[in-house]
Amino acid sequence: MLNYITLREYRAFRRQTFKFTKLNIFAGKNNSGKSSALSALNVFAQTLSIRELNGTPLLLNGQFDQLGTFIDVVHNNVATRPIGFDIGFDSFDLKVDYKYRSQRKQIDLQNFELSQRGNEIFKFTSGKDSYDIYLNGKDFSKTFHGIRKKRPTFRNLWPVEFLDLSDLKDKFNDSFRDPGGVANQYMRISRTLS
């Protein structure tokens, strides 16, 4: 069940949190942000319906809503601002940030954090020319020495194909070390959320 959504720099809102129960009513004056809140839910629904691996990380124009370009949906139409969403569902919390890359004319995922009951499960942060991956709050590069990470592909909002840990276990057999069971937990969560 959806518990809450926080919109950051999205349409009418600099920052606004909406908490959900079984019955929710949006009421307010014209131009107060009712449609903005509902369009955020539509954007997530249509982003979750993407089937291609190399599709956009945030589908602004799809089966539920036609919102235009990144500049049309970022607060005050300032393309250099990232758009962010925090979503609580069941026992999970998800935080995502998107930026617009004007040279490539595309939306990029800048930050993805998934936690369960306050414990970080997976985190991806992207800079201009670098990125970091954390599993269970541990830096991937420092935890898995000698194993090369790759930039994750995101499908239906979830990270996939950044590493096939089951192949690594088969390849390294007993020499593969998984401190704290990070690899096993990631594979379990990945299967659950895919």
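Just the residues that are surrounded by 12 or more Cβ atoms within 10 Å (Cβ to Cβ), not aromatic (Phe, Trp, Tyr) and not in a helix (DSSP H, G or I), please, taken from segment 18-47. Within segment 18-47, Ser32, Gly33 qualify.
With respect to (1) touching a residue at least 40 places away in the same chain (Cβ under 8 Å); (2) within 20 Å of Ser115 (Cβ to Cβ); (3) open to solvent by 60 Å² or more (accessible area, probe 1.4 Å), the lone exception for Pro82 is condition (3). Comparison of Ala45, Ala40 shows that the only residue that is without any contact (Cβ under 8 Å) to a residue 40 or more places away in the chain, aliphatic (A, V, I, L, M) and within 18 Å of Leu109 (Cα to Cα) is Ala45. Filtering Lys128, Lys123 for residues that are surrounded by 20 or more Cβ atoms within 10 Å (Cβ to Cβ), on the phi < 0 side of the Ramachandran plot and either part of a strand (DSSP E or B) or modelled with pLDDT under 95 (or both) leaves a single hit, Lys123. Exactly one residue out of Arg15, Arg8 is open to solvent by 60 Å² or more (accessible area, probe 1.4 Å), in a strand (DSSP E or B) and at pLDDT 95 or above: that is Arg15.
When Thr56 is tested against (1) modelled with pLDDT under 90; (2) under 14 Å from Tyr98 (Cβ atoms); (3) touching an Asp or Glu at 6+ places or on another chain (Cβ under 7 Å), only condition (3) is not met.
The values are calculated or read from the model by the stated rules, or taken from the named source; none is laboratory data. A quick note: this is a predicted structure, and the numbers were derived from the prediction, not measured. Heads up, the Cβs are rebuilt from the backbone with ideal geometry, glycines too, and the neighbour counts pull from every protein chain shown. All accessible areas refer to the heavy atoms of the entire protein, side chains included, with ligands and DNA or RNA removed. Shrake-Rupley method; radii C 1.70, N 1.55, O 1.52, S 1.80 Å.
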